[in-house]
Amino acid sequence: MFTWRKGIRPKVFRCSSIEARRWLSCRLIVLVGLGLIGLSVAVGGRALAAPVEKFPVEMSELMRSLQDARVPSPAVTYPRTVVYPYTEWNMLAGTLKHSSKEVRLPHKPRRIIPHAVGLTEILWAIAPREHIAAVHRSCLNPEYSFIAAEAAGVPDSYASEDAEVVIGLRPDLILTTYYSSEEFKNRLRLSAVPFVEVGFFGDIPSIQEQVASLGRIIGEEAAANRLVATMQRNVAAIQEFARARSGEQPLRVVYYGFHGYVAGANSTFDSLCGLLGVVNIPTAEGVRFFKQVDYETLLKWDPDIIIVPENSGLEQELLGHKILATAKAVRTRNIKSIPNVYLMASSQFAVASLNYLGGLFYGE
């Protein structure tokens, strides 16, 4: 989903990067977790209510259900081989390749180390907490992690390239992502440390697929199934709320990030817009994944709302630019910033981002 996460560049939570070339990839990958925040606007004679603390689903209860779905799992026979779906994103070509991978597990993992915030958030909801041996330091920052306070109780933490530290903690399973650095993964291979690499996930259905896969891998299928059901139930409730309150003319929006990047098809931002009945203009204009656009293009698109990263300075920049003076979002001052923790949810908490946005668009 993606701003950049978020004004700073921690090396792994949504992405891992140590080189200049990887930096741009990281910035784009970060966009994949893009959640949102809201706005107040009048479209087609229909005035949207100002943002209030009323969401389609009661937020605190939703957060609790997304944070803890643990239930006892039936006994699983080991050793076992788990086959799971894997989606590869070719950033340069803008394509997705679907395949599968498998992992051989000699026993149920009991010392698991995840290498990303999203994976940690999923584990927190479905795994026995004592089975999480360490977390990445980004998980301890509430600006990036929904479970920062709770994760502070995990005995150990590490930085992005601390492969030796991770190996020294004696994990029996490490969970990496397709954007974890190759250097980190190569060190794991040389040390014969078992690890599983999960692929691209750009919307809520693909996150649900990841939850189910992780449940099979760590032997917590019952908890994973419960979490997926919770996500599905709440997405349906949020959509029902949005449909009942949307007008004949849907809102037309653009996410505008650093260096003029907009989020198109296959981004989490686009998927959330679709679930809420909002038109993401870059997708309608044929943009796939992410693309840089200039002010003239932004003016031509003339969105009802422009969404920018929080604390980026982009709101003031767009409001003060002469080229955009006649743009609808500028004239109505509907350039809205996005709180960081909702901006890049790449776990079950993407449902909370959907709920937040639904409340801000349609709350009464």
Checklist (1) touching a Phe, Trp or Tyr at 6+ places or on another chain (Cβ under 7 Å); (2) without any contact (Cβ under 8 Å) to a residue 60 or more places away in the chain applied to Asn266, failing item: (2)
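Yes or no: Val211 in a strand (DSSP E or B) and over 24 Å from Pro309 (Cβ atoms)?
When the stated conditions are applied, Val211 does not pass them.
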Within region 262-285, the residues that are within 16 Å of Ile204 (Cα to Cα) and either in the same structural domain as Asp203 (by TED's automatic domain parsing) or assigned to a helix (DSSP H, G or I) (or both) are Thr268, Phe269, Asp270, Ser271, Leu272, Cys273, Gly274, Leu275
Would you mention how many residues in region 132-157 are under 20 Å from Thr176 (Cα atoms), under 16 Å from the mean Cα position of the chain (by Cα) and either among the acidic types (Asp, Glu) or assigned to a helix (DSSP H, G or I) (or both)? 3
Would you pick out the residues in region 238-284 that are out of contact with any Pro (no Cβ under 7 Å at 6 or more places or on another chain), of a type in the set (D, E, K, R) and closer than 23 Å to Arg333 by Cα? Arg245, Glu248, Asp270
Single condition Ala148 does not satisfy, out of (1) under 21 Å from Ala345 (Cβ atoms); (2) at pLDDT below 95; (3) touching a helix residue (DSSP H, G or I) at 6+ places or on another chain (Cβ under 8 Å): (2)
Qualifying position, being over 24 Å from Glu161 (Cβ atoms), in a loop (DSSP other than H, G, I, E, B), modelled with pLDDT of 50 or more and touching a Lys or Arg at 6+ places or on another chain (Cβ under 7 Å), among Val82, Val76: Val76
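In contact with a strand residue (DSSP E or B) (Cβ under 9 Å, 6 or more places away or on another chain) and either part of a loop (DSSP other than H, G, I, E, B) or not polar (S, T, N, Q) (or both): does that describe Pro109?
yes
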For the list (1) over 15 Å from the mean Cα position of the chain (by Cα); (2) at pLDDT below 90, I need the number of the one condition that Leu298 fails. (2)
Please work out which one of (1) assigned to a loop (DSSP other than H, G, I, E, B); (2) more than 28 Å from Tyr144 (Cα to Cα) is the condition Thr297 fails and give its number. (1)
Matching residues, region 192-207, being modelled with pLDDT under 90, small (Gly, Ala, Ser) and either over 22 Å from the mean Cα position of the chain (by Cα) or assigned to a helix (DSSP H, G or I) (or both): Ala192
Ala352 part of a helix (DSSP H, G or I), surrounded by 19 or more Cβ atoms within 10 Å (Cβ to Cβ) and touching a Leu at 6+ places or on another chain (Cβ under 7 Å): yes
Region 72-107, residues that are under 23 Å from Phe290 (Cα atoms), surrounded by 12 or more Cβ atoms within 10 Å (Cβ to Cβ) and out of contact with any Ser or Thr (no Cβ under 9 Å at 6 or more places or on another chain): Gly94, Thr95
Could you please find all residues in region 168-185 being outside any strand (DSSP E or B) and either among the β-branched types (Val, Ile, Thr) or over 23 Å from the mean Cα position of the chain (by Cα) (or both)? Gly168, Leu169, Arg170, Pro171, Asp172, Glu183
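The values are calculated or read from the model by the stated rules, or taken from the named source; none is laboratory data. Since this is a predicted model, take the numbers as computed values, not measurements. With ideal geometry, Cβ positions are generated from the backbone for all residues, glycine too; neighbour counts draw on all protein chains shown.
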